[in-house]
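J.: Can you read through this structure? Questions will come right after.
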Amino acid sequence: MQEPLAVKVTYPADYDGLEMNGTAVIQMLLNGSFNMLQERLEAMTDEEWGQRALPGTSKLGFILWHCARIIDWTVHCAFQGVPEVADRAEWRERFAPEACYGAGIPDALADRVVDSTSRTDVALYLGEVKIEVGEWFARQNDQTLDAVPPMKANQAGRPGYLDPSVWAEVADLNGLPTWQILARPCGAHIRRHMGEYDVLLQALRSRGVVTPRA
């Protein structure tokens, strides 16, 4: 079985004399996002994956799926206009294509995503995304990260991506430099969702609905 997280996480303290620059900061942010997602996928149970902790909130599995998808979308579609990891046959069969990357979709469709896949699937998918993102990021520098990608044009060939409800969720990113987009959906956005996820999981477990993994 492929190791889910194949790109080694590094921190400045690991390197004597490491020169810190903008690229290194963004790399740390991305590594942290991948690690937070993987830790939660490993710690939750299969039963918790499909649970809704409180009325009006997303199911726990959807939050993690969406966070993995938004990284894939950002680096492959928004920046490069190339197929995403989710476009591979094995993931097309598990992920509802009409759910896009999980932004601006109806609650019923979000629930269908959770029902059609599992935490194990998403952990493997996340690992593939991290490999691809790591290879892409290795080619970046401060100059390339300061470039403005043709984000809206890159959505044009993707069914559903420019639907008003979906595009409205990311339209304010259009025209920003690459590093700012990385810092928002792939950084701050994921951290907000991790806070949401942790609160909801605690609420679920406090009611004794499920038992945490050993």
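J.: For segment 146-174, which positions are surrounded by fewer than 19 Cβ atoms within 10 Å (Cβ to Cβ), of a type in the set (A, V, I, L, M), under 19 Å from the mean Cα position of the chain (by Cα) and not in a loop (DSSP other than H, G, I, E, B)?
T.: Scanning segment 146-174 gives Ala171, Leu173.
J.: Take the conditions out of contact with any Pro (no Cβ under 9 Å at 6 or more places or on another chain), surrounded by fewer than 21 Cβ atoms within 10 Å (Cβ to Cβ) and not polar (S, T, N, Q) and apply them to Arg52. Does it pass?
T.: yes
J.: Could you please find all residues in segment 96-120 being of a type outside the set (Gly, Ala, Ser) and crowded, with 18+ Cβ neighbours inside 10 Å?
T.: Cys100, Tyr101, Ile105, Val113, Val114, Thr117, Arg119 - these are the residues of segment 96-120 that are of a type outside the set (Gly, Ala, Ser) and crowded, with 18+ Cβ neighbours inside 10 Å.
J.: Applying the selection to segment 33-67, what residues are in a helix (DSSP H, G or I) and either over 29 Å from Glu135 (Cα atoms) or free of Cβ contacts under 8 Å to residues at least 24 places away in the same chain (or both)?
T.: Glu39, Asp46, Glu47, Glu48, Trp49, Leu60
J.: Under 8 Å by Cβ, and 6 or more places apart or on different chains, what pairs join a residue from segment 74-95 that is closer than 30 Å to Leu145 by Cα and crowded, with 20+ Cβ neighbours inside 10 Å with one that is among the basic types (Lys, Arg) and at pLDDT below 95?
T.: Final answer for the pair search is Cys77/Arg158; Ala86/Arg92.
J.: Which is in a loop (DSSP other than H, G, I, E, B), β-branched (Val, Ile, Thr), under 30 Å from Asp46 (Cα atoms) and within 18 Å of the chain's Cα centre (by Cα), of Ile105, Ile190?
T.: Working: Ile190 fails: in a loop (DSSP other than H, G, I, E, B).
From the options Ile105, Ile190, the qualifying one is Ile105.
The values are calculated or read from the model by the stated rules, or taken from the named source; none is laboratory data. This one's a predicted model, so the numbers in the text were calculated from it and none came from an experiment. Using ideal geometry, Cβ is built from the backbone for each residue, glycine included, and neighbour counts are taken over all protein chains shown.
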